[in-house]
Amino acid sequence: MRIVGDGSPESRQKGKLAVRAAYESGFTHFDHADIYGGGECEKLFAEVLRDIPGMRENIIITSKCGIRGKDNPISGVPARYDFSKEYILKSVDGILTRLQIDTLDILLLHRPDYLFQAEEVADAFQTLQDAGKVRYFGVSNFKPSQLTLLQSACPMPLITNQVEINVHNINALLDGTLDQCQQEHISPQAWCPLGGVVYPAWGNTFSPEDEARIKAEFDRQAKKYDTENWIIMLTWLLKHPAGIFPIIGTTNSNRIKASLQALKIPYSREDWYSLLEARNGQPVP
Ligand SMILES: NC(=O)c1ccc[n+]([C@@H]2O[C@H](COP(=O)([O-])OP(=O)(O)OC[C@H]3O[C@@H](n4cnc5c(N)ncnc54)[C@H](OP(=O)(O)O)[C@@H]3O)[C@@H](O)[C@H]2O)c1
């Protein structure tokens, strides 16, 4: 969740209420990154942890590192990815300080650093695990080959790959990401799961005709299962045998609670394919 919103006191309060609503509804996994809100999201989350006794022990906290903005640390350097040991260790110290916790449950490398050296990353992970600063490790936006490369150097298992999956972006179904996850027992997490349903997905290529056709199928299914279109999208993701975890980004407490409907819908294989057909604009060959 991008819980600080625009940073105003009202947005911050809404964000805190959203975290509380999620926790009270039974959500146990919270996704962060060192860059979300420039670190302010992690700091706000720490305030909620302080407010709710026992919450820390009952949840899993993920954060990510590896993206460096331009001008960091000196003016003139470009935006880049940095998986050097020094930067990973420094980033985790920042995450722990902002979240006000001793141990991060899961650390993800946010986007693949084209210059990453697998042994160096493995060394950083081992150092963090030995120091009790991180329990588990994973990646985000990695291609299967990049995950395989990193895993080949790491003694500990990489437990997740967080990638964009939604009705617009189905690359993970096609490029081997979900196959690898299923085979290696890696949990795939879907970011922007509602892209193309409640807002245009990143790099939207759907035409107005595509959108109308896809919406008509969502409408049909939502009526059939007595729910809403965005819930059908979550159900579609949950149906995949790799065990996709949708990372929902809403800060609306009612929507957070409503999203749980997706877990209960007896979604059929036929409807899964009907939505794919509507998305593709043609039947499978
Ligand atoms: N690893 C990565 O590279 C990466 C990249 C992007 C995101 N992420 C993670 O993934 C999380 C989810 O991504 P996301 O925030 O794009 O997820 P999302 O759940 O696809 O979208 C959330 C947005 O949709 C709106 N929304 C949700 N339900 C709606 C509805 N029924 N009608 C209208 N609007 C609705 C929300 O507004 P309201 O708040 O008003 O409901 C919010 O603006 C992020 O918070 C972040 O943790 C990771």
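Structure notes:
- FRET efficiency for the pair Ser268 and Glu86, taken as 1/(1 + (r/R0)^6) with r the Cβ-Cβ distance and R0 = 35 Å, rounds to 0.10.
- Other-chain or far-sequence residues with amide H under 5 Å of Leu104's (modelled H): Val134, Arg135
- Proximal lysines relative to Lys14, as straight alpha-carbon distance under 22 Å, when same-chain residues fewer than 8 apart are discounted: Lys43, Lys257
- Carbon + sulfur, % of accessible area of the stretch 1-146 - ligands and nucleic acids excluded, 1.4 Å: 51 percent
- Expressed as a whole percent, the accessible surface of the stretch 165-285 that belongs to carbon and sulfur atoms is 53, based on a 1.4 Å probe.
- Rounded accessible area per residue of the stretch 1-146, 1.4 Å, Å²: 47 Å²
- Dipole in debye (nearest 20) - the stretch 1-146, about Cα centre, beta carbon charges: Lys, Arg +1; Asp, Glu -1: 340 debye
- Annotation for the stretch 146-242: chymotrypsin sites (Phe, Trp or Tyr not before Pro) lying in DSSP loop with at most 16 further Cβ atoms inside 10 Å of their Cβ are Trp202.
- Here the label points at Val77 and Glu184, each 7 Å from Cα along the C-beta direction, are separated by 2.9 nm in the simple model.
- Ellipsoid equivalent to the stretch 17-80 - semi-axes via the Cα gyration tensor, in Å: 30, 11, 9
- Degrees, to the nearest 10: 40-51 long Cα axis against longest axis of the chain: 90 degrees
- Helix 118-130 vs. the chain, principal-axis angle (Cα, 0 to 90°, nearest 10): 70 degrees
- Cα gyration tensor category, rounded, prolate or oblate, for the stretch 205-285 with a/c compared to 1.5: prolate
- Pairwise centroid distance, computed over Cα atoms, of the stretch 54-126 with the stretch 225-285, Å: 31 Å
- Taking the longest Cα principal axis of the chain as reference, the axis of helix 208-224 is set at about 80 degrees.
- From the largest down, the stretch 58-166 spans 41, 34, 33 angstrom on the principal axes of its Cα atoms.
The values are calculated or read from the model by the stated rules, or taken from the named source; none is laboratory data. As the structure is a computational prediction, the values presented were derived from the model and not from experiment. All Cβ positions, glycine included, derive from the backbone under ideal geometry; neighbour counts span all protein chains shown. Ligands, DNA and RNA are excluded from the accessible area calculation, which covers all protein heavy atoms including side chains. Shrake-Rupley method; radii C 1.70, N 1.55, O 1.52, S 1.80 Å.
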